[in-house]
Amino acid sequence: MKNLFKKTVQAVQDWSVVLGISIVCHSIPFLPLKVSYRFANGLATILVPLFKKRLRSIYGNLEVAFGPHMPDEDKREIALKMGADMLKGIFDCAYLTSSFRSKADVIATIEGKHHLDEALSRGKGVIAFSAHFGSFIILGSFMARENYPFYMLLNDPGNKPLARQFDKIREATGQQWISATPFRQCHKKMLNCLRKNEIICFIADENKRRGGVEVDFFGHKTPTAVGPAVLSLQTGAALVPIFIVRQKDNTHKIIIEPALECNLSGNKSEDIHTLTSAFTKRIEFNIREYPDQWLWTNRRWKGLSRGDKHYQG
């Protein structure tokens, strides 16, 4: 009986989230784009302070990355900007799924396309990597608009109704993706994409205690997923950094950097570490350049941040 009650409560929660997203997707596009952004700013000012646990994680992570002397005013400003940008990203997604798509379809420019084109000219496909950075949820939409064969590698949420809702949104926004599970099927699809000289994009900034390697991230040894490195060594595909940055006028700039060039030893373990360290450094560089663009609730430093439940300080 207890298990049945838990399942019922979970099902109600799952469908409530789906309903909330559906309401946003159907209502927000009727607002002028600038009005929706002002609404996001106001809503973030109200909501962010209410999520005290999340706020503690943000402050704790900022201390790990930038030291304990960052003023609380700066932390609060970053937290509010991050919250507002998350809402704006969701709103952008809502526009892109609607008949008002044209409102949001012209708000992105790409810098460094030649880097991606040069990497594709090698004929072995491209392994792009990015982070929970900017409006990464719509990066695939803008890359598809530029006619790139661009596939995001994604983990489906455990909430099945929500997973189906996300699939509908991705399809409506023109995105292409590969589900990370089951692994064998995912690996086969990735290899097929690279053989066809297509692009796979990893969100490569998550903590990975099992199957990862420790590399430096903001001065701390941090377990990091090795997927991009392993696949690059296996296929010869170039590793290319791609980040989407929200500008002050709420347009987006997609920054494509040159493919990574690393001196490899021929020792598989060493080379995996070298490549993983290299792409992590590019992620760190961009976070330092745009600190209010990263998702600071990310549990990247488990046990080091005072906002983490494993904190030992």
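The values are calculated or read from the model by the stated rules, or taken from the named source; none is laboratory data. Predicted model only: the values in this text are computed from it and were never measured. Please note: Cβ atoms are built from the backbone with ideal geometry, for glycine as well, and neighbour counts cover all protein chains shown. For the accessible areas, the whole protein counts, side chains as well, though only heavy atoms, and no ligand, DNA or RNA atoms are used. Shrake-Rupley method; radii C 1.70, N 1.55, O 1.52, S 1.80 Å.
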Exercise for the section: State which stretch of the chain is the longest one without any exposed GluC sites (Glu not before Pro), exposure meaning a DSSP loop state and at most 12 other Cβ atoms within 10 Å. Expected result: 1-145
Exercise for the section: In nm, give the distance between the simple-model label positions of Arg145 and Lys268, each being 7 Å from the Cα along the Cα-to-Cβ direction. Expected result: 4.2 nm
Problem - FRET efficiency for Glu214 and His114, using Cβ-Cβ distance with R0 set to 30 Å, rounded to 0.05 - result: 0.30
Handout entry: Solvent-accessible heavy-atom area per residue, rounded to whole Å², over the chain at 1.4 Å
Key = 52 Å²
Practice task
Hand me the trypsin sites (Lys or Arg not before Pro) from the range 235-283 located in a DSSP loop with no more than 11 other Cβ atoms within 10 Å, in residue order please.
Solution key: Lys248
Problem - Computed magnitude of the charge dipole of the range 113-200 (debye, nearest 20; Cβ of K, R +1, Cβ of D, E -1) - result: 320 debye
Problem - Cross-link pairs beyond the 18 Å C-alpha cut-off, checked among Lys221/Lys268; Lys208/Lys302; Lys113/Lys281; Lys53/Lys248 - result: Lys221/Lys268; Lys113/Lys281; Lys53/Lys248
Exercise for the section: For the chain, give the percent of accessible area contributed by carbon and sulfur heavy atoms, probe 1.4 Å, rounded to a whole number. Expected result: 56 percent
Exercise for the section: Could you point to the label whose value was computed as semi-axes √(5λ) of the Cα gyration tensor in Å for the structure here, given [x] 24, 23, 20; [y] 33, 22, 19; [z] 29, 25, 21? Expected result: [z]
Exercise for the section: Provide the per-residue ³J(HN,Hα) series for the range 292-305, in order, calculated from phi with Karplus coefficients 6.51, -1.76, 1.60 and θ = phi - 60°, each as a whole number of Hz, with x at glycine and proline positions. Expected result: 8, 9, 8, 7, 6, 7, 4, 7, 7, 10, 4, x, 9, 8
Completion exercise
Net charge (Lys, Arg +1; Asp, Glu -1) of residues whose beta-carbon lies under 9 Å from that of Leu62, Leu62 excluded, is -1
Practice task
Report the paramagnetic label zone for Glu261: residues of the range 279-298 whose backbone N is under 19 Å from a point 7 Å from Cα along the Cα-to-Cβ axis.
Solution key: 279-283
Practice task
Determine, from the Cβ-Cβ distance of Arg122 and Ala163 and an R0 of 35 Å, the FRET efficiency 1/(1 + (r/R0)^6), rounded to the nearest 0.05.
Solution key: 0.50
Exercise for the section: Please work out the FRET efficiency for the pair His26 and Lys221, using the Cβ-Cβ distance as r and a Förster radius of 51 Å; give the result to the nearest 0.05. Expected result: 0.65
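Figure the gain on full extension for Arg56 and Asp72 (residue separation times 0.36 nm, minus the Cα-Cα span) and round it to one decimal in nm.
Full extension from Arg56 to Asp72 adds 4.6 nm.
Lys and Arg at +1, Asp and Glu at -1: add these up for the other residues within a Cβ distance under 13 Å of Lys81 and post the number. Don't skip to the end; give the middle numbers.
Values: positive: Lys75, Arg76, Lys88, Arg246, Lys248; negative: Glu73, Asp74, Glu77, Asp85, Asp292.
With Lys, Arg at +1 and Asp, Glu at -1, the neighbours total 0.
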Handout entry: Magnitude of the charge dipole, the chain, Cβ model with Lys/Arg +1 and Asp/Glu -1, debye to 20
Key = 1220 debye
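Between Cys186 and Leu43, what is 0.36 nm times their sequence separation minus the Cα-Cα distance? Round to one decimal in nm.
Additional length available on full extension: 47.7 nm.
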